[in-house]
1. What accessible surface, in Å², does a 1.4 Å probe find on Arg180, ignoring ligands, DNA and RNA and rounding to the nearest 10?
2. What number, in percent, do you get for the relative contact order of the range 55-135 if the mean sequence gap of Cα pairs under 8 Å and at least 6 apart is divided by its residue count?
3. Taking all protein chains together and a probe of 1.4 Å, list Thr79, Thr235 from the most accessible to the least accessible.
4. What accessible area per residue, rounded to a whole number of Å², is obtained for the range 35-140 using a probe radius of 1.4 Å?
5. Can you list the residues, at least 5 places off or on another chain, whose amide H is less than 5 Å from the amide H of Ser66, using H built in the peptide plane?
6. What distance in nm separates the two pseudo spin-label positions at Ser66 and Leu41, each 7 Å out from Cα along the beta-carbon direction?
7. For the residue pair Glu187 and Ser86, what label-to-label distance in nm results when each label sits 7 Å from Cα along the Cα-to-beta-carbon direction?
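The values are calculated or read from the model by the stated rules, or taken from the named source; none is laboratory data. Nothing here was measured: the structure is a model prediction, and the numbers come from that model. As a convention, Cβ positions derive from the backbone with ideal geometry for all residues, glycine included, and neighbour counts pool all protein chains shown. With ligands, DNA and RNA removed, areas are computed over all heavy atoms of the protein, side chains included. Shrake-Rupley method; radii C 1.70, N 1.55, O 1.52, S 1.80 Å.
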Amino acid sequence: MKLGKRNVFFLIIVAFVLLLCGVFLLRAPVLLVTDAPFDALYGGRRSLLKQAEASLCLFRRVRPVSVSIDTGSDIVAFTVESAARSPYLVLFPYRYLEGARRYVEAFPETPVFVLGGRSREVNTESLGFVNTDSVTDFYRAGLCAALIASYGQQAAGEVLLFQGDPIPVEWSAAFLAGLREKGFAREPKYFSTTEDYADTQNVVCIVMNGQATTFLEQNLNIPVILFSWVDPALTSQSVTVIFDDSPWALLIKVARVMGKEGTSLPSEMVFPAERMADRKMLKQIRDKMFN
């Protein structure tokens, strides 16, 4: 029986898809160590979407490895070992640093990276160590705050930055440079996240670096730029920009810079849907952010 041209073409497509699937499944996976508290904070659906995105971008399986928050380092290492025989990459949050060390002692040939977050230093030994590029993050936050202030010609208003701990001079300098880059001339005001700033009449933008408590609970009608891993769906409607340096947010970037020592990576910028009063403001920020 002769096959028609359409049938031949269809069989070629099917064979090609099956070949791609086979290659995808046979390639060594990427493992990401996680736990229940992080999953709850980040959001289950959001984690699944990030897992699918990373798997497609890296064209290999990306598998979360869940451990208990109080699990000892030996058990953490054993759990990761049980998840895959020869992974392409294993990514550990900083809180599992000792587990990462135990794992790399047993499997020194496997690339292992620890996400240090902001202002953490560690003797990397045979581990890869990735810090958050806070200078870039704060510069971009300054750009966003200035653009939000300038939209509607509110450049005469105030920008507040709330911080859990005093930020290094280079971070605040980068934040100020971002403000100035987009024409915001006033000096930003700095506060602790535990302080209560009652006079919000002239405030045009709030930047939150640290646990957002008092201000976000008030649900003020002031745009907020938030440094956080939290699921945007759980945040106040006033949160318009989120800087996310979580493991899921940085995984693809880490996989692409493997082998480079002293790596620091900027956060992923998230713009929660339907948060800005005018969609033109969102478009303006996205279009002008890096211009």
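1. Probe radius 1.4 Å; accessible area of Arg180 about 90 Å².
2. On the way: 95 pairs, mean separation 18.7, N = 81.
Computed value for the range 55-135: 23 percent relative contact order.
3. On the way: Thr79 45, Thr235 20 Å².
Sorted by accessible area, descending: Thr79, Thr235.
4. Values: 5240 Å² over 106 residues.
Accessible area per residue: 49 Å².
5. Residues meeting the amide H criterion: Thr34.
6. So the label points at Ser66 and Leu41 sit 1.7 nm apart.
7. In this crude spin-label approximation the distance works out to 6.1 nm.
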